[in-house]
Amino acid sequence: MTRRPDTIRLGRWHQGAVYGATGALVASGIAWLVLHYFFEAPGDFGPAIHPGEPWMLKFHGAAAMAGLIVYGSLLPVHVRRAWAIRRNIVLGIGLVLFMLLLTVTGYLLYYAGSETARPVISALHWVVGLVVPALLVWHIVSGRSQTRARDAESIRKMGNRA
């Protein structure tokens, strides 16, 4: 398939990598939330964490590393080209900012968050993490509808010339 020079749509492999990394992050994040808040395990000294929680955090961390690579790979072509041709800018900026916020809060949770700040950072991280999939879907649907509208307009203009 030959692409127009102004296209910003991802190739199949790239699109699959974005969807896969996002799916793994969302699934592992939601699984951790459910285990953490709804499935405490009984312990010798009161409620204990569910045995699946550490595994979900490990999987989430691995998915985050993959996500950093995949999302970073969008910057040189997809994001830069979209910025240059002014397409889907508001939602794109929102996604970039939310991903940056998730990266910073994830870093703070793993490496630098104090025990007093940890609950606030954690809540911010998972609230933003739950919003990102909806924002990503909105970005994709909006971008595709803009492309369809632009293509229909091009076809209409070509028909008027004939």
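Derivation of every value follows stated rules applied to the coordinates shown; laboratory data play no part. Because the structure is predicted, anything quoted here is derived from the model rather than measured. Cβ placement follows ideal geometry from the backbone for every residue including glycine, while neighbour counts extend to all protein chains displayed.
Projecting the Cα positions of His125, Leu101, Leu136 onto the charge dipole of segment 76-162 (unit charges on Cβ atoms of Lys, Arg, Asp and Glu, taken about the Cα centre) puts Leu136 furthest along the positive direction. The longest stretch of the chain left intact once loop-based trypsin sites (Lys or Arg not before Pro) with at most 12 other Cβ atoms within 10 Å are removed from consideration, loops following DSSP, is 4-85.
Dividing the helix sum by the residues of the chain, where each DSSP H run of 4 or more adds -39500 (n - 2.57), gives a mean residue ellipticity at 222 nm of -25500 deg cm²/dmol.
Ranking Gly61, Asn160, Ile85 by Cα position along the charge dipole of the chain, where only Lys, Arg, Asp and Glu carry charges on their C-beta atoms, puts Asn160 farthest toward the positive end. Averaging the sequence gap over all C-alpha pairs within less than 8 Å and six or more residues apart, then dividing by the number of residues, gives the chain a relative contact order of 22 percent. One decimal place: the segment Arg80-Ala123 gains 12.3 nm when fully extended, by the rule 0.36 nm per residue minus the C-alpha distance. Per-residue packing, averaged as other Cβ atoms within 10 Å, sorts the ranges 125-131, 45-51 into the order 125-131, 45-51, beginning with the highest. Between the entries (1) 56, 41, 30; (2) 45, 39, 28; (3) 82, 25, 21, the label attached to Cα extents along the principal axes in Å calculated for this structure is (3).
Assuming charge only on the beta carbon of Lys and Arg (+1) and of Asp and Glu (-1), the dipole of the chain about its Cα centre is about 1500 debye to the nearest 20.
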